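J.: Sharing a structure with you now.
The values are calculated or read from the model by the stated rules, or taken from the named source; none is laboratory data. Just so it is clear, the model here is predicted, and its values are computed rather than measured. Counting neighbours? That spans all protein chains shown, and the Cβs are built from the backbone with ideal geometry, glycine included. For the accessible areas, the whole protein counts, side chains as well, though only heavy atoms, and no ligand, DNA or RNA atoms are used. Shrake-Rupley method; radii C 1.70, N 1.55, O 1.52, S 1.80 Å.
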Amino acid sequence: MHRQRVIGGLILLAAIVIAALLIALRSGPEEKPPEENIPLVQAERLEIRSGNLMVQGAGTVRAREELTLSAEVAGKLVYVNPDLREGQRVARGATLFRIDTADYRNAVQTAQADVASQNVAVMQAREEVTLAKAELARFEQRGVNSSAYASVDSSDYAARILPPEALARNQASNNQQSAAVAPTNGLATREPQLQSARAGLRRAQAQLSDAQTALRRTTVRAPFSGVVRSEDIALGSYVAPGQSLGTMVGTADFEAVIPLSESEAALIPELWRPGSNRIEASVYSDYGGTRYRWQAFVDRANSVLNPQTRTIDVFLRIPNPLRGGAPAMVQKEGQKSTGASGAPPLFVGSFVDAEITGRALDEYAVLPLAGLRPGNQIWLVRDGRLRIVKVEILQRTDTQALINTVGLGNKPVVIFGALKTATDGQQVRISQDRKKGVTTTEDTAEKSKKTKIKASKKAADKAP
């Protein structure tokens with residue numbers, strides 16, 4: 001019994017000693033500096049460009065020339081062009097349709113006969129005027145010679161042979177007064193009859209011209225090369241003047257109406273100066289999954305604002321729109337390229353994107369819209385800190401904005417994505433997956449450290 005107590009006491013004493021040693025020899029907790037909560041951001045370097053701005057817009061293609069086909073004279077259709085069908089192309093000067101000419105040829109012959117008859121009437125009236133004037137001259141000459149004996153009795157033969165001098169003087173003065181008072185009557189010379197004949201000739205000539213014009217109008221030709229948009233015509237049908245027989249659009253030029261805001265229109269130099277240098281442009285349209293491009297230029301701009309959108313309509317002229325457009329995008333590997341023969345024409349009514357050559361700038365930046373903040377602000381990363389900069393937007397589209405580089409600094413890096421709080425000067429870290437093209441101070445220090453390690457290893461390997 002006594003032995004068990006001694007062993008128990010020794011065990012307890014040994015435990016107390018071991019516990020005391022453990023407490024005495026224990027080490028204190030490792031002290032670490034508090035970690036800073038630096039937000040992680042996604043950032044990319046802005047693309048800096050120089051040269052002409054490309055003012056972008058969108059609009060609708062429409063025909064520059066469009067007319068309604070109709071007849072100017074009435075009659076029966078005796079010929080219709082086989083190409084006068086919806087969607088067919090018609091060359092300039094081609095006969096579209098022809099009306100029966102029998103009645104109009106007869107009208108021309110009748111008018112020609114009237115002209116010939118009136119020519120004879122004019123010649124006859126002219127000869128009558130000549131004869132009348134000669135007859136009047138003879139009557140006047142006869143009256144002068146017999147005026148001295150007008151008041152002498154027919155039975156006084158002595159006075160007729162030798163009239164008194166006083167009588168002769170009195171008769172001479174009466175003849176002079178009568179000649180001065182009584183002018184020659186116009187009807188006696190038949191001048192009005194000649195004028196009437198000439199008026200009849202002019203009327204007959206006008207009727208002949210109308211008949212010939214009506215005969216020419218029986219044949220209707222295409223005034224320009226174009227495409228038949230619609231047609232309502234059949235061989236043998238009777239048409240009336242002004243009756244609509246179809247519509248046709250010209251294919252030499254199309255135009256696209258591009259609405260622009262006032263700030264965008266201000267980027268186009270010499271927009272309001274007619275006759276200035278031609279402003280180059282391009283229009284783009286998608287067909288079968290491929291984007292095609294057509295060359296264009298600014299034709300004019302509307303000086304009246306659109307009342308609904310408050311925008312300025314700029315009209316782009318597109319020459320040779322039916323010629324296939326050029327592919328505007330590089331073909332992907334393995335994708336078949338569409339040749340010139342497979343390129344589509346530009347369709348009237350299609351919705352297109354447009355690029356208009358704007359003013360030239362020494363430098364501007366292309367900012368994706370994800371990096372644009374309210375109030376035209378952007379967040380930049382400079383030396384590991386966030387900087388809030390307000391920028392001037394030159395142009396804004398659905399995907400990007402062109403901004404002025406004033407205040408951006410050298411090689412600006414912009415932050416994309418949202419932050420809970422953003423204050424000017426706070427520290428930020430750039431995410432590795434969006435670090436392409438971005439070089440920070442930490443990257444430079446790490447690269448320098450790696451370079452020194454590689455250099456020391458090379459020196460150690462070369463040492464003997």
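J.: Tell me, what is the FRET efficiency for E72 and A360 to the nearest 0.05, using R0 = 56 angstrom and their Cβ-Cβ distance as r?
T.: 0.60
J.: Please list the equivalent ellipsoid semi-axes of the range 213-272, computed as the square roots of five times the alpha-carbon gyration tensor eigenvalues, in descending order and whole angstrom.
T.: One finds semi-axes of 42, 14, 11 Å for the range 213-272.
J.: Let me ask something else about it. Running Debye on the range 17-119 with equal point scatterers at the Cα sites and no solvent, what base-10 log of I(q)/I(0) appears at q = 0.15, 0.21 Å⁻¹?
T.: Summing over Cα pairs of the range 17-119 leads to -1.00, -1.23.
J.: Further question: As an exercise, use a Förster radius of 45 Å and the Cβ-Cβ distance of Q205 and E140 to find the FRET efficiency, rounded to the nearest 0.05.
T.: 0.75
J.: Cα gyration tensor of the range 239-282, axes a ≥ b ≥ c as square roots of the eigenvalues: rounded (a/c below 1.5), prolate (a/b > b/c) or oblate?
T.: The shape class here is prolate.
J.: Turning to a different aspect of this structure: Note down the net charge around E191, summing +1 for each Lys or Arg and -1 for each Asp or Glu among other residues with Cβ under 15 Å from its Cβ.
T.: Once all neighbours under 15 Å are counted, the net charge is +1.
J.: How much length would be gained if the chain were fully extended between A370 and R85, taking 0.36 nm per residue of separation minus their Cα-Cα distance, in nm to one decimal?
T.: Taking 0.36 nm per residue and subtracting the Cα distance, the gain is 97.5 nm.
J.: Still on this structure, please answer the following. Over the range 32-119, what percent of the accessible surface lies on carbon and sulfur atoms, probe 1.4 Å?
T.: 41
J.: For the range 12-114, what is the relative contact order in percent, using Cα pairs closer than 8 Å and at least 6 residues apart in sequence?
T.: 18
J.: Could you calculate the contour length gain from S117 to T213, that is, 0.36 nm times the residue separation minus the distance between their Cα atoms, to one decimal place in nm?
T.: That works out to 32.4 nm of additional length.
J.: Let me ask something else. Hey, got the dipole for the range 225-317? About the Cα centre, +1 on K and R Cβ, -1 on D and E Cβ, debye to the nearest 20?
T.: Once rounded to the nearest 20, the dipole reads 120 debye.
J.: Please give, to one decimal in nm, the separation of the simple spin-label points placed at D103 and E127, each 7 Å out from Cα toward the Cβ.
T.: 4.0
J.: I would also like to ask the following. What translational diffusion coefficient, in µm²/s and rounded to a whole number, does the Stokes-Einstein relation yield for the range 183-235 at 4 °C and a viscosity of 1.567 mPa s, taking the hydrodynamic radius as the Kirkwood radius over Cα pairs?
T.: Answer, rounded: 81 µm²/s.
J.: I need the shape label for the range 262-322. Rule: rounded when a/c is under 1.5, else prolate if a/b > b/c, else oblate, with a, b, c from the alpha carbon gyration tensor.
T.: Here the range 262-322 falls in the oblate category.
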